[in-house]
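Colleague: This is the structure, below, for whatever I ask next.
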Amino acid sequence: MKKGKDLKPHIGLYGRRNYGKSSLINVIAGQEIAIVSPEAGTTTDPVKKSLELQDFGPVVFIDTAGMDDKGMLGEKRVAKTRQSLHQIDLAILLIAENRWDREEEEWIEEFKRLEIPFLIVYNKSDLLPPRAGFLEKISQKLGVACIEFSAMKPQALNQLVEAIRKAIPERSYKQPGIIGDLMQADDWILLITPIDTEAPEGRMILPQVQLIRDVLDHDGVAIVLKESQVAAYLKNQIRKPALAITDSQIFKQANELVPADIPLTSFSIVLARLKGYFEAYVEGTRHLSRLKEGDRILILESCTHHVTCDDIGRYKIPGWLRTYSSLELSFDVVSGLDAFPRALTDYAMVIQCGGCVLTQKQVRNRIREAIAAGIPVSNYGMTIAFLHGVFERAVSFLKPLS
């Protein structure tokens, strides 16, 4: 499945084979964008479909394989379907044929465990309508909308779209500003942006672009400089910056360049505060001083990219950790939203990147299970700050976003 690079709300469709998940997407879109066939199992791997939801805005639907798929390949498809739960902001469970068994109950339990809001859609009602009281009983038991629907008679489409709009959490499409609470209108914000081998030719990396926009959205002045220009700028400044934000990889250098009376943090840390569990990151980062010989660390990247010797997650952080600890450590790196290669209990720590290409829900679902298992979690920026003696300065003035 493609990685989570779309910040629009994600809606997952789940249900048994041949229950009309793909047909439902086509009806909502008003066009045939998903392959439909009477043969069960037409949809294999989860597939994303971007479309505009009327009176709401752009969303991404995830069409999944049937949750009752069988055989060796079927089990793998179901595993992929379960994996997609970590990407979504809303789940729609399709039922039909007056069937509600343990399998549906288990998926509802999984939605609740991952704190995913959900709706129930009784599909294909033109073929077999729900018996009297069937939907009402489910709706009362679960406390959620239970909508009767048919692709052949889509009169209930408006009701379904309205239920989707109401059920999608506002935080999935209306996020607070990244640093809006740290600045006031007309503040000058210093953004230190080195141009290294990982920077795309002719462009800036996404976190830098996001911060520039956020400063402008809050009526501030973004001062964007390479690290080689910071000293001269601060020496001849017209006005002292209210805040300095640096690329994490040069934290040590930025700490020396930026006077102590100017708050300093990094792009990765402010994104971690926006999207992750900030207090858990802060607490978990301190575990870096308690690592032991032979510990295994899981590093989570958000995106896929060409790997170079300057790669921060695959080379720089492991190198800095080995130097800091003088220990022999093992590392597993997972890109995008791929499955973990080992059980979480095999890891002494989990280190998540800033998550600039992921939604808040995707980042939080990524690290929630580690937190629940008592495994310390950190973030690229916090880890680098800690290893270079800048951690307290980088996080002490920050508070979790509500």
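Colleague: Being surrounded by 21 or more Cβ atoms within 10 Å (Cβ to Cβ) and of a type outside the set (G, A, S) is true for just one of L344, L401, L358. Which residue is that?
Modeller: So the residue among L344, L401, L358 that is surrounded by 21 or more Cβ atoms within 10 Å (Cβ to Cβ) and of a type outside the set (G, A, S) is L358.
Colleague: Among the candidates Q159, Q175, Q140, which residue alone is at pLDDT below 90 and farther than 30 Å from V357 by Cβ? Reasoning before the result, please.
Modeller: Working: Q175 fails: farther than 30 Å from V357 by Cβ; Q140 fails: at pLDDT below 90.
Going through Q159, Q175, Q140 in turn, the sole match is Q159.
Colleague: Ok, one more. So which residues in the stretch 54-67 are out of contact with any Asp or Glu (no Cβ under 6 Å at 6 or more places or on another chain) and either among the charged types (D, E, K, R) or open to solvent by 40 Å² or more (accessible area, probe 1.4 Å) (or both)?
Modeller: Filtering the stretch 54-67 down to residues out of contact with any Asp or Glu (no Cβ under 6 Å at 6 or more places or on another chain) leaves 54-57, 59, 61-67.
Within the stretch 54-67, Q54, D55, F56, D63 meet the criteria.
Colleague: Please name all residue pairs, on different chains or six or more residues apart, with Cβ atoms under 9 Å, provided the first residue is in the stretch 71-83 and is assigned to a helix (DSSP H, G or I) and the second residue is exposed (fewer than 12 other Cβ atoms within 10 Å of the Cβ) and β-branched (V, I, T).
Modeller: From residues that are assigned to a helix (DSSP H, G or I), there are no pairs.
Colleague: Kindly indicate which of D332, D338 is modelled with pLDDT of 95 or more, over 30 Å from E256 (Cβ atoms) and open to solvent by less than 60 Å² (accessible area, probe 1.4 Å).
Modeller: Exactly one of D332, D338 is modelled with pLDDT of 95 or more, over 30 Å from E256 (Cβ atoms) and open to solvent by less than 60 Å² (accessible area, probe 1.4 Å), namely D332.
Colleague: Then there is this: If I filter the stretch 341-350 down to residues being in a helix (DSSP H, G or I) and over 21 Å from the mean Cα position of the chain (by Cα), which single residue comes out as modelled with the lowest pLDDT?
Modeller: Ranking the candidates gives T345 first.
Colleague: Could you count how many residues in the stretch 222-242 are closer than 21 Å to G180 by Cα and without any contact (Cβ under 8 Å) to a residue 40 or more places away in the chain?
Modeller: Total satisfying the criteria: 4.
Colleague: Any residue that is more than 30 Å from G30 (Cα to Cα) and part of a loop (DSSP other than H, G, I, E, B) - is there at least one of those in the stretch 120-134?
Modeller: Looking for residues that are more than 30 Å from G30 (Cα to Cα) and part of a loop (DSSP other than H, G, I, E, B), one finds at least one in the stretch 120-134, hence yes.
Colleague: Applying the selection to the stretch 215-227, what residues are within 17 Å of L264 (Cα to Cα) and out of contact with any strand residue (DSSP E or B) (no Cβ under 7 Å at 6 or more places or on another chain)?
Modeller: Let us first name the residues in the stretch 215-227 that are within 17 Å of L264 (Cα to Cα), namely 215, 220-227.
Residue satisfying the conditions is K226 alone.
Colleague: Taking the condition of being free of Cβ contacts under 8 Å to residues at least 60 places away in the same chain, of a type in the set (A, V, I, L, M), out of contact with any helix residue (DSSP H, G or I) (no Cβ under 9 Å at 6 or more places or on another chain) and in a helix (DSSP H, G or I), how many residues in the stretch 139-188 meet it?
Modeller: Qualifying residue count for the region: 2.
Colleague: Is it true that Y14 is of a type in the set (F, W, Y), in a loop (DSSP other than H, G, I, E, B) and either open to solvent by 40 Å² or more (accessible area, probe 1.4 Å) or modelled with pLDDT of 90 or more (or both)?
Modeller: Working: of a type in the set (F, W, Y): yes; in a loop (DSSP other than H, G, I, E, B): no; either open to solvent by 40 Å² or more (accessible area, probe 1.4 Å) or modelled with pLDDT of 90 or more (or both): yes.
The answer is no for Y14.
Colleague: May I pose another question? Can you name the number of the only condition in (1) modelled with pLDDT under 95; (2) open to solvent by 10 Å² or more (accessible area, probe 1.4 Å); (3) part of a loop (DSSP other than H, G, I, E, B) that R364 fails?
Modeller: Unmet condition: (3).
Colleague: Tally up the residues in the stretch 367-402 that are in a loop (DSSP other than H, G, I, E, B) and either of a type outside the set (F, W, Y) or farther than 17 Å from I178 by Cβ (or both), please. Break it down stepwise before answering.
Modeller: At the first step, the residues of the stretch 367-402 found to be in a loop (DSSP other than H, G, I, E, B) are 373-376, 388-390, 396-402.
Narrowing further to those that are either of a type outside the set (F, W, Y) or farther than 17 Å from I178 by Cβ (or both): 373-376, 388-390, 396, 398-402.
Count: 13.
Colleague: Sort out which residues of the stretch 310-337 are in contact (Cβ under 8 Å) with a residue 40 or more places away in the chain, more than 16 Å from R290 (Cα to Cα) and not β-branched (V, I, T), and write them in order of number.
Modeller: Matches in the stretch 310-337: D310, D311, G313, K316, S335, G336, L337.
Colleague: For the stretch 253-289, how many residues meet the condition of being open to solvent by 20 Å² or more (accessible area, probe 1.4 Å), of a type in the set (D, E, K, R), in contact (Cβ under 8 Å) with a residue 40 or more places away in the chain and farther than 16 Å from H388 by Cα?
Modeller: Qualifying residue count, the stretch 253-289: 2.
Colleague: Additional query: Residues Q352, Q362: which one is touching a residue at least 12 places away in the same chain (Cβ under 8 Å) and closer than 22 Å to I11 by Cβ? So that I can check it myself, show each step before the final result.
Modeller: Details: Q352 fails: closer than 22 Å to I11 by Cβ.
Only one candidate qualifies: Q362.
Colleague: Okay, next question. Can you name the residue in the stretch 238-293 that is polar (S, T, N, Q) and under 25 Å from the mean Cα position of the chain (by Cα) and, of all such residues, is nearest to I192 (Cα to Cα)?
Modeller: Checked the stretch 238-293; the qualifying residue nearest to I192 (Cα to Cα) is T246.
Colleague: One residue is enough: does the stretch 201-213 have a residue meeting the conditions modelled with pLDDT of 95 or more, β-branched (V, I, T), assigned to a helix (DSSP H, G or I) and more than 30 Å from A96 (Cα to Cα)?
Modeller: yes
Colleague: Limited to the stretch 68-114, what total is found for residues that are more than 18 Å from the chain's Cα centre (by Cα), within 21 Å of A163 (Cβ to Cβ) and open to solvent by less than 10 Å² (accessible area, probe 1.4 Å)?
Modeller: 8
The values are calculated or read from the model by the stated rules, or taken from the named source; none is laboratory data. Treat the numbers as computed from the prediction; the structure is a model and nothing was measured. Virtual Cβ from ideal backbone geometry, glycine too; neighbours counted across all protein chains shown. Ligands, DNA and RNA are stripped out before the accessible areas are found, and what is left, the full protein with its side chains, is counted by its heavy atoms. Shrake-Rupley method; radii C 1.70, N 1.55, O 1.52, S 1.80 Å.
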